[in-house]
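Undergrad: So that we are looking at the same thing, I have put the structure below in structure tokens.
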Amino acid sequence: MILILLGAPGAGKGTQAEMVIKEFDLRHLSTGDLLRTAVSNGTNLGKLAKGFMDSGKLVPDDVIIGIISDYMKEHPGEGVLFDGFPRTVAQAVGLEELLQGDELKVVSLVVEDEQVIKRLSARRSCRKCGKIYNPALGINPAEDGKCFCGGEIYQRDDDKAKTIANRLNVYHSQTEPVIEFYRGKKLLVEVNGTGSPNEVFDRVKNALS
Ligand code: AP5
Ligand code: MG
């Protein structure tokens, strides 16, 4: 199965992905995590992506489709959860061209803008493994303040107020059309993304069964 998890910034894609991949035995491919790793390693991809990410804009479609194409060649026939991809209709069309009869499911987490702004301002992440922490939800790092993998806990550069606003604008203008694209193909299931992470997870499981 190829599962696409759509949703606004802060809708809970990463939080749900951690649980969904265990339940359905999928690999987790977050284009955002992959790009952040490239930025911190200073690779050519990272140098290219940094300016777009820091300002809340999307990295160009051809770069992203290239990453996904390489991934699918390296992992043929394996179940995967795409978190944060596709984010434009061009990326969704690019993915269609890469699919080889794989079963495709699309879940969109629905959360109001006001709620995601609160969530993103409170989020802390591990610089090394990307794990999401949130003291407000009681999801805390180890006693030494580090991630359980030993990585440093930090606030993502794009989780500052102005960049959050830009990311939401980009979501409404460029990614919401992807929701309509999959609705038109009758592949879309919308899930209420409010409530506790476990409540949302129960809804996602129901949507997939
Ligand atoms: P990306 O890393 O994908 O960021 P995003 O889409 O903005 O989403 P987030 O990771 O911020 O939120 P999330 O939905 O994963 O929420 P989370 O679970 O962490 O992309 C970053 C950048 O990379 C983009 O802006 C772009 O530049 C680039 N990029 C990436 N992919 C690209 C692509 N395909 N094309 C082009 N460019 C691309 O939760 C958020 C917070 O809420 C946490 O604190 C969490 O604890 C909390 N929370 C989660 N669930 C709940 C709940 N149920 N109740 C209360 N709080 C909750
Ligand atoms: Mg995420």
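The values are calculated or read from the model by the stated rules, or taken from the named source; none is laboratory data. Since we're looking at a predicted model, the values are computed, not measured. Cβ coordinates were reconstructed from backbone atoms using ideal geometry, including for glycine residues, and neighbour counts include every protein chain displayed. Accessible surface areas use protein heavy atoms only, side chains included; no ligands, DNA or RNA. Shrake-Rupley method; radii C 1.70, N 1.55, O 1.52, S 1.80 Å.
Undergrad: For residues in the range 152-203 being among the basic types (Lys, Arg) and out of contact with any helix residue (DSSP H, G or I) (no Cβ under 8 Å at 6 or more places or on another chain), which is nearest to ligand 1 (Cβ to nearest atom)?
TA: Within the range 152-203, the first condition is being among the basic types (Lys, Arg), and the residues that meet it are 156, 160, 162, 167, 183, 185-186, 203.
Narrowing further to those that are out of contact with any helix residue (DSSP H, G or I) (no Cβ under 8 Å at 6 or more places or on another chain): 160, 162, 183, 185-186, 203.
Working: LYS160: 12, LYS162: 13, ARG183: 19, LYS185: 19, LYS186: 23, ARG203: 10 Å.
Once the filter is applied, the top-ranked residue is ARG203.
Undergrad: So which pairs qualify, if the first residue must be in the range 167-187 and open to solvent by 70 Å² or more (accessible area, probe 1.4 Å), the second must be within 16 Å of ligand 2 (Cβ to nearest atom) and of a type outside the set (D, E, K, R), the Cβ gap must be under 7 Å, and the two must be at least 6 apart or on different chains?
TA: Here the result reads GLN174/LEU58, each pair linking the range 167-187 to a residue that is within 16 Å of ligand 2 (Cβ to nearest atom) and of a type outside the set (D, E, K, R).
Undergrad: For the subset of the range 86-127 comprising residues that are among the β-branched types (Val, Ile, Thr) and under 18 Å from ALA11 (Cβ atoms), which member is surrounded by the fewest Cβ atoms within 10 Å (Cβ to Cβ)? So that I can check it myself, show each step before the final result.
TA: Within the range 86-127, the first condition is being among the β-branched types (Val, Ile, Thr), and the residues that meet it are 88-89, 93, 106-107, 110-111, 116-117.
Filter again for under 18 Å from ALA11 (Cβ atoms), leaving 88, 106-107, 110-111, 116-117.
Details: THR88: 21, VAL106: 24, VAL107: 24, VAL110: 14, VAL111: 19, VAL116: 22, ILE117: 17.
Among them, the one singled out is VAL110.
The rows are residues; the columns are (1) more than 7 Å from ligand 1 (Cβ to nearest atom); (2) in contact with a Phe, Trp or Tyr (Cβ under 9 Å, 6 or more places away or on another chain); (3) of a type in the set (S, T, N, Q).
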{"site": "LEU6", "(1), (2), (3)": "yes, yes, no"}
{"site": "GLU18", "(1), (2), (3)": "yes, no, no"}
{"site": "LEU29", "(1), (2), (3)": "yes, yes, no"}
{"site": "GLN91", "(1), (2), (3)": "no, yes, yes"}
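Undergrad: Quick one: what pairs do we get from the range 64-83, first residue closer than 14 Å to GLU96 by Cβ, second open to solvent by less than 80 Å² (accessible area, probe 1.4 Å) and aliphatic (A, V, I, L, M), C-beta under 6 Å, 6+ apart or different chains?
TA: That search, which allows pairs on different chains as well, returns SER69/LEU98; MET72/LEU98; PHE82/ILE4; PHE82/LEU29.
Undergrad: Could you check, for the range 136-145, whether at least one of its residues is assigned to a loop (DSSP other than H, G, I, E, B) and touching a residue at least 24 places away in the same chain (Cβ under 8 Å)? Break it down stepwise before answering.
TA: First, the residues of the range 136-145 that are assigned to a loop (DSSP other than H, G, I, E, B): 138, 140-145.
Applying the additional criterion that residues be touching a residue at least 24 places away in the same chain (Cβ under 8 Å) yields none.
Looking for residues that are assigned to a loop (DSSP other than H, G, I, E, B) and touching a residue at least 24 places away in the same chain (Cβ under 8 Å), one finds none in the range 136-145, hence no.
Undergrad: Further, regarding this structure: Which one is nearest to ligand 2 (Cβ to nearest atom) among residues in the range 101-135 that are part of a strand (DSSP E or B) and free of Cβ contacts under 8 Å to residues at least 60 places away in the same chain?
TA: The first filter runs over the range 101-135 and keeps only residues part of a strand (DSSP E or B), leaving 104-110, 124-126, 132-134.
So of that shortlist, the ones also free of Cβ contacts under 8 Å to residues at least 60 places away in the same chain come out as 124-126, 133-134.
Working: ARG124: 13, SER125: 9, CYS126: 12, TYR133: 13, ASN134: 12 Å.
If we take residues in the range 101-135 being part of a strand (DSSP E or B) and free of Cβ contacts under 8 Å to residues at least 60 places away in the same chain, then SER125 is nearest to ligand 2 (Cβ to nearest atom).
Undergrad: Report the residue count in the range 2-58 for those that are more than 14 Å from ligand 2 (Cβ to nearest atom), out of contact with any strand residue (DSSP E or B) (no Cβ under 6 Å at 6 or more places or on another chain) and over 18 Å from ARG87 (Cβ atoms).
TA: Residues in the range 2-58 being more than 14 Å from ligand 2 (Cβ to nearest atom), out of contact with any strand residue (DSSP E or B) (no Cβ under 6 Å at 6 or more places or on another chain) and over 18 Å from ARG87 (Cβ atoms): 11 in total.
Undergrad: For the range 19-60, enumerate the residues that are touching a residue at least 24 places away in the same chain (Cβ under 8 Å) and either assigned to a loop (DSSP other than H, G, I, E, B) or out of contact with any helix residue (DSSP H, G or I) (no Cβ under 9 Å at 6 or more places or on another chain) (or both).
TA: Scanning the range 19-60 gives ILE21, ASP25, LEU26, GLY56, LYS57, LEU58, VAL59.
Undergrad: Now a separate question. Among the residues in the range 150-164, are any open to solvent by 50 Å² or more (accessible area, probe 1.4 Å), within 16 Å of ligand 2 (Cβ to nearest atom), in contact (Cβ under 8 Å) with a residue 24 or more places away in the chain and charged (D, E, K, R)?
TA: Looking for residues that are open to solvent by 50 Å² or more (accessible area, probe 1.4 Å), within 16 Å of ligand 2 (Cβ to nearest atom), in contact (Cβ under 8 Å) with a residue 24 or more places away in the chain and charged (D, E, K, R), one finds at least one in the range 150-164, hence yes.
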